[in-house]
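As structure tokens, the structure follows; a few thoughts come after it.
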């Protein structure tokens, strides 16, 4: 069984008020499309994700979701879905999702796929809480009505037949399947899936995202050797020995970099700057930390605090603490009161106690959007 997801993202989004098509407009620090693409890609039951985009939107897609698989859609939603289905031949189940509903939780996908065990199609729905009236003022009975959302899940062959038989336009795929006389199951939807259409919807969506706080630690050690410069916390410190390493061996910035990378589960310095790569020989470690900061900010996140502890017998850190604090704050875009620099000895125990090297431990705290999706 092969389960695929098709994101419909070929519109121009003229009602959104954005200079970009709304599916590529920023939301929580990322393109709107990136949210649902990430949710579908990470779901363990989904094998493939395809995006239907408009002609000429290829560069926008690669900026939003680098490497995303795509197909060129059409002028109408139905045309875009048909183009996507044609590119997904061989699939068993397909989920069709609108890019304008970015905040997709795994539980909704689970409910849809479970429903396909018994039905040919399934859609997420929500009850209507407001009183409804027709244009003539007559009250409409709401108990039998539901709000329909996406993704909508179908057995692939059933949806292909529905598209082949349908003529005219369609607001969703479920109506095409029902037109064949095939019932479509309804599962519980999610208020997080409300559609984004107008400028005010973006502000409401930002508020729905919420904020998540994460902390992670980093640790690094480098050997002290004759003939090397001693860089600590981005500051050149006079000393008769320096730290040895592939880059400038700034153990403080390395520990902080690993802590920042840890907050977004992005590996460590070696993942991004392999010591086997000669271009990083003697490199200034500030660029490593700047890279880690950029990765957090690309996720819509913000570094809020860093705590650094240096472990060594010499040199004395106190005279250089303020300069290190200022340089780290500059690299991270923080005020100095959000950077803590401390030092300790190991009571002449171990390699630091013997003056053979310096160790550093750091903790970084960040805020990231998307707490409501967890």
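The values are calculated or read from the model by the stated rules, or taken from the named source; none is laboratory data. Here the structure is a predicted model, which is why all the values come from computation and not from measurement. Note that each Cβ is placed from the backbone with ideal geometry, even for glycine, and that neighbours are counted across all protein chains shown.
Quick one: which of 34, 64 is touching a strand residue (DSSP E or B) at 6+ places or on another chain (Cβ under 8 Å), more than 25 Å from residue 162 (Cβ to Cβ) and crowded, with 21+ Cβ neighbours inside 10 Å?
64
Check whether at least one residue in the stretch 256-269 is within 32 Å of the chain's Cα centre (by Cα), surrounded by fewer than 14 Cβ atoms within 10 Å (Cβ to Cβ), more than 22 Å from residue 318 (Cβ to Cβ) and assigned by TED's automatic domain parsing to the domain that holds residue 343, and report yes or no.
Yes, the stretch 256-269 contains a residue that is within 32 Å of the chain's Cα centre (by Cα), surrounded by fewer than 14 Cβ atoms within 10 Å (Cβ to Cβ), more than 22 Å from residue 318 (Cβ to Cβ) and assigned by TED's automatic domain parsing to the domain that holds residue 343.
Test residue 299 against the stated conditions and say whether it is surrounded by fewer than 18 Cβ atoms within 10 Å (Cβ to Cβ) and assigned by TED's automatic domain parsing to the domain that holds residue 241.
Judged against the criteria, residue 299 is not a match.
For the condition farther than 16 Å from residue 236 by Cβ, more than 25 Å from the chain's Cα centre (by Cα) and either crowded, with 16+ Cβ neighbours inside 10 Å or free of Cβ contacts under 8 Å to residues at least 40 places away in the same chain (or both), what is the one hit in 327, 348, 321?
348
Any idea how many residues of the stretch 89-118 are surrounded by fewer than 20 Cβ atoms within 10 Å (Cβ to Cβ) and more than 24 Å from the chain's Cα centre (by Cα)?
Within the stretch 89-118, residues that are surrounded by fewer than 20 Cβ atoms within 10 Å (Cβ to Cβ) and more than 24 Å from the chain's Cα centre (by Cα) number 7.
If only one of 159, 180 is modelled with pLDDT of 95 or more, closer than 23 Å to residue 78 by Cα, surrounded by fewer than 18 Cβ atoms within 10 Å (Cβ to Cβ) and in contact with a helix residue (DSSP H, G or I) (Cβ under 7 Å, 6 or more places away or on another chain), which one is it?
Unique residue meeting the criteria: 180.
Which of the residues belonging to the stretch 330-344 are surrounded by fewer than 18 Cβ atoms within 10 Å (Cβ to Cβ) and in contact with a strand residue (DSSP E or B) (Cβ under 7 Å, 6 or more places away or on another chain)?
If the condition is that a residue be surrounded by fewer than 18 Cβ atoms within 10 Å (Cβ to Cβ) and in contact with a strand residue (DSSP E or B) (Cβ under 7 Å, 6 or more places away or on another chain), then 338, 340, 342, 344 are the ones that fit.
Tell me, which residue of the stretch 270-285 that is within 22 Å of residue 330 (Cβ to Cβ) and touching a residue at least 24 places away in the same chain (Cβ under 8 Å) is surrounded by the most Cβ atoms within 10 Å (Cβ to Cβ)?
Checked the stretch 270-285; the qualifying residue surrounded by the most Cβ atoms within 10 Å (Cβ to Cβ) is 285.
For the stretch 327-360, which positions are closer than 21 Å to residue 259 by Cβ, out of contact with any helix residue (DSSP H, G or I) (no Cβ under 6 Å at 6 or more places or on another chain) and not in a loop (DSSP other than H, G, I, E, B)?
Once the filter is applied, which keeps residues that are closer than 21 Å to residue 259 by Cβ, out of contact with any helix residue (DSSP H, G or I) (no Cβ under 6 Å at 6 or more places or on another chain) and not in a loop (DSSP other than H, G, I, E, B), the stretch 327-360 yields 327, 328, 330, 337, 338, 340, 342, 343, 344, 352.
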